[in-house]
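Here the structure comes first, spelled out in C-alpha cells, and everything after it is commentary.
The values are calculated or read from the model by the stated rules, or taken from the named source; none is laboratory data. Note that the structure is a prediction, hence the values are computed from the model and not measured. Quick reminder, even Gly has a Cβ in these numbers, built from the backbone with ideal geometry, and neighbours come from all protein chains shown.
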Amino acid sequence: MKFFFDLFPLIVFFLAYTFANASQETAQAMASEWLGGVSTDQAPILIATATAIAATALQIAAVWLKTRKVGSMLWISLALIGVFGGATLFFRDPTFIKWKPTVLYWLFGAALIGANLLFRRNLIRSMLEKARIQLPDPVWARLNLLWALFFAALGLLNLYVAYGFTQTTWVNFKIFGCTGLIFAFTLAQAPYLSKHLIEDKPSG
C-alpha cells in the first residue's frame, strides 16, 4: 500500500494525461478555462501537470495529518513539481516538466557524492543499515558510487527520451520506464550483495 501511496502523484499524472490525450477537445476546453488560450496538443500535458501538483500537495497533507511531520524527500518533490510544473503551466511549455525527473535524479546523485565527500557519510549505507543489512566498508563505498552513477545516467536517459521521442512516449517512459529501471537496478545488486553480507554473530 505504501508503494502506491509513494507513487500517487505519478499515477495521477499518468491517468490525467491518458484521459486528456484521449479526449483532446474536451481537455482543450478545460485547460483553456483554467489557463486561458491553450492549443489542442498542449492541453493533455498541462492538465496532467496541474493534477500532479495538486496530487503532491494532497500527499503531503495526508502525511502531515497522519504523522504531524513530513520527510525532506516529500518537500523536495513538492518544490520541484511546484517550480517546474508551475513554469510549464505559466509558459505553456512542457520542456520544464520534462526536465523535472532529470533534475531530481541528478540531485539524488549529487547528494550521494556530496554527503560522502563533504561529511564522510554514506547515504546508501545509512538507509540500508536500517533494514539490518551489514556489508564491508569497501562494498558500501562501491554501492554508493554505483547509485550515484545510475542516477546520473537515468537523468540523461530521461532527456534522450524527452527530446528524441513523442510526448506520449516520454510520459510512458517517465511512469513505467524510470520506475522499472530503478526496480531492476535494485534487484540486479542482490546477487552481488549476498556475497558480501556480514552475518550477525550469535549472542551469548
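Take Q134 and tell me if it is surrounded by 13 or more Cβ atoms within 10 Å (Cβ to Cβ) and touching a helix residue (DSSP H, G or I) at 6+ places or on another chain (Cβ under 7 Å). Lay out the reasoning, then the answer.
Values: surrounded by 13 or more Cβ atoms within 10 Å (Cβ to Cβ): yes; touching a helix residue (DSSP H, G or I) at 6+ places or on another chain (Cβ under 7 Å): no.
Taking the combined requirement at face value, the residue does not satisfy it.
Please count how many residues of segment 1-53 are small (G, A, S), under 22 Å from V83 (Cα atoms) and touching a residue at least 24 places away in the same chain (Cβ under 8 Å).
Residues flagged as small (G, A, S), under 22 Å from V83 (Cα atoms) and touching a residue at least 24 places away in the same chain (Cβ under 8 Å) within segment 1-53 amount to 4.
Confirm whether S77 is part of a helix (DSSP H, G or I), of a type outside the set (A, V, I, L, M), touching a residue at least 40 places away in the same chain (Cβ under 8 Å) and surrounded by 15 or more Cβ atoms within 10 Å (Cβ to Cβ).
Numbers: part of a helix (DSSP H, G or I): yes; of a type outside the set (A, V, I, L, M): yes; touching a residue at least 40 places away in the same chain (Cβ under 8 Å): yes; surrounded by 15 or more Cβ atoms within 10 Å (Cβ to Cβ): yes.
Here the answer is yes, as S77 does meet what is asked.
Can you tell me how many residues in segment 117-137 are assigned to a loop (DSSP other than H, G, I, E, B), touching a residue at least 12 places away in the same chain (Cβ under 8 Å) and under 25 Å from the mean Cα position of the chain (by Cα)?
Qualifying residue count, segment 117-137: 2.
Got a number for residues in segment 21-30 being in contact with a Ser or Thr (Cβ under 9 Å, 6 or more places away or on another chain) and either crowded, with 19+ Cβ neighbours inside 10 Å or not in a helix (DSSP H, G or I) (or both)?
The qualifying residues number 2.
Could you give every pair whose Cβ atoms fall below 7 Å, whose first residue belongs to segment 159-174 and is in contact (Cβ under 8 Å) with a residue 24 or more places away in the chain, and whose second residue is among the hydroxyl-bearing types (S, T, Y), counting only separations of at least 6 or pairs across chains?
L159/T102; V171/Y17
Kindly evaluate T18 against the criterion of being assigned by TED's automatic domain parsing to the domain that holds V171, of a type outside the set (D, E) and assigned to a helix (DSSP H, G or I). Write out each step before concluding.
Numbers: assigned by TED's automatic domain parsing to the domain that holds V171: no; of a type outside the set (D, E): yes; assigned to a helix (DSSP H, G or I): yes.
For T18, the condition - assigned by TED's automatic domain parsing to the domain that holds V171, of a type outside the set (D, E) and assigned to a helix (DSSP H, G or I) - is not met.
Across segment 81-105, what is the total count of residues that are buried (at least 18 other Cβ atoms within 10 Å of the Cβ) and in contact (Cβ under 8 Å) with a residue 24 or more places away in the chain?
Final tally of qualifying residues: 12.
Among the numbered criteria (1) without any contact (Cβ under 8 Å) to a residue 60 or more places away in the chain; (2) over 19 Å from the mean Cα position of the chain (by Cα), which single criterion is violated by G177?
All conditions pass for G177, except number (2).
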